[in-house]
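These notes concern the structure reproduced below.
Read the figures in this text as sums done on the coordinates, not as results from a lab. A quick note: this is a predicted structure, and the numbers were derived from the prediction, not measured. We place every Cβ from the backbone using ideal geometry, glycine too, and count neighbours over all the protein chains shown.
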Amino acid sequence: MSEVNLKSKVEAVVAQIPKGRVMTYGQLAALAGNPRAARVVGGIAHYGDPKLPWHRVVNKKGGLASGYHGGRLTQKEHLEAEGVKCYGEEGQWHVEVEKLLWWPKQTESADYRQSMLDDREES
């Protein structure tokens, strides 16, 4: 898969993440067809379309991104403005990813979601 194709697929999914919910880099990579490209998705997020809700993308443990424009504090502020509670010490914030994780409609089967969570725990 070309990086351009991956980028467009990732951006299309990110555009759908509703307020108050999050997705992970690995989840986005898998949904875009490249499950081992979580770091590439991080790069796409850092350099991607600034109009997209990148603040709704967190790491697999719910951690906020140091590479987010404005840093973790800005990402925390954007999430909290949408009603998302952030936990932890300054600079090490995280969200309750299991509670807030969002799945696009086409992936709502319980088996698919569980396989994604299992993959996340193994890495």
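Tabulated data
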item: Gap separating the Cα centres of the stretch 42-60 and the stretch 67-95, nearest whole Å; result: 13 Å
item: Global form of the stretch 3-116, assessed from the alpha-carbon gyration tensor, a/c cut-off 1.5; result: oblate
item: Ranked Thr74, Thr24, criterion: other C-beta atoms within 10 Å, fewest first; result: Thr74, Thr24
item: ³J(HN,Hα), Karplus 6.51/-1.76/1.60, whole Hz, each residue of the stretch 37-49, x for Gly, Pro; result: 9, 4, 5, 5, 4, x, x, 4, 4, 5, 10, x, 4
item: Neighbour-count order for Arg72, Arg39, Arg56, Arg21, fewest beta carbons within 10 angstrom listed first; result: Arg39, Arg21, Arg72, Arg56
item: Distant-in-sequence amide H partners of Gly63 (H built 1.01 Å from N, under 5 Å); result: Val95
item: Placed amide H near Leu101: partners under 5 Å, 5+ positions off or other chain; result: Val22
